1. Rule-of-thumb check for region 116-222: C-alpha Rg over 2.2 N^0.38 Å?
2. Between region 57-77 and region 178-241, what's the alpha-carbon centroid distance in Å?
3. Among Ala69, Leu58, Gly109, whose Cα lies farthest out toward the positive end of the dipole of the chain, if unit charges sit on the beta carbon of Lys, Arg (+1) and Asp, Glu (-1)?
4. Using Cα-Cα distances under 8 Å and only pairs 6 or more residues apart, what relative contact order does the chain have, in percent?
5. So if each residue of separation counts as 0.36 nm, and I subtract the Cα-Cα distance between Arg121 and Arg102, what length gain in nm does that give?
6. Could you size up the charge dipole of region 114-271 around its Cα centre, putting +1 on the beta carbon of Lys and Arg and -1 on that of Asp and Glu, and report it in debye to the nearest 20?
7. Please report Rg (one decimal) and Dmax (integer) in Å for the Cα set of region 24-105.
8. Taking amide hydrogens as modeled 1.01 Å from N in the peptide plane, which residues meet the under 5 Å criterion relative to Gly264, leaving out close sequence neighbours?
Amino acid sequence: MFKRTGARLRRDEKTQQKRPDPVLKSPREIQIMREAGRIVARVHAALREAIRPGVSTLDLDRLAVDVMARYNATSCFLGYRGFPANICASINSELVHGIPSRDRVLKEGDIISIDVGVRYRGFIGDSAWTYAVGSISAEAQRLMQVTEASLYEAIAQAKAGNRVIDVSRAVQRYVEGHGMSVVREYTGHGVGRQMHEAPQVLNYVSDDSDGRLLLRPGLVVAIEPMVQAGTWQTRTLKDNWTVVSKDGSMAAHFEHTVAITNSGPEILTLP
Ligand code: MG
Ligand code: MG
């Protein structure tokens, strides 16, 4: 979840200011990030078990923080720019940044996107998943399948010698080829000691981005297709956090933290 900062991009173009360089990680640092990623995967495994009709998104937040604590990790979302919870929980037409609440109770047929970010020994792991609540419509099922598959299409391009834009193109091609839309206003990102590092990893092809950056061993990125069944536009609710599809169509979000290595992409947030 990274708000694309249009103002910053324009300023960059005007002043020709250099963007921040990506921070390459040493093998020792990647080993810590692997452990952080594994904790994120454990949180997701616990959430997957708990998700059912009748459970509130606050229940899920508490479960997540319990699992993090068990492994000496903390949420890197809590307090980030004032975000008031440990996970993001976004239901149906909500895309990202939904705030867990005891009043948001899951119903049969919902889909829920949960974004989990942890800090462990100074490093971040970041992964999002969309889950079905009970049995869901064929349309929702297809949205989830296309979004998840686009993530793996993108990860396959995350190899040394390719450029960031190859990852972006893979998402866009796959999603639009299936008649759905990739959101423009939120992007993937480099990740390490900070949740959001260079480069921005767009989910579509654009000239005014970090797309030309070469992928090199030691670079770690969060690749995160955010997909809507209708149009790509979004709006933010009055809580100033929850992002929803503008047309009310359903939204899905899948994300992994991926290290570029000499032997190809390594997904750090797998169980
Ligand atoms: Mg992310
Ligand atoms: Mg995330």
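Nothing in this text is a laboratory measurement; each read-out follows from the coordinates by a stated rule. The model shown is predicted, which means the values in this text are computed figures rather than measured ones. FYI the Cβ positions are ideal-geometry reconstructions off the backbone, even for glycines, and counts take in every protein chain you see.
1. 1.14
2. Here the two parts' Cα centres lie 24 Å apart.
3. Highest projection toward the positive end goes to Ala69.
4. Normalised by residue count, the contact order of the chain is 23 percent.
5. Here the segment from Arg121 to Arg102 would lengthen by 3.8 nm.
6. 220
7. Taking only Cα atoms of region 24-105, I get Rg and Dmax of 14.0, 45 Å.
8. Excluding prolines and chain starts, which carry no amide H, the hits are Ala160.
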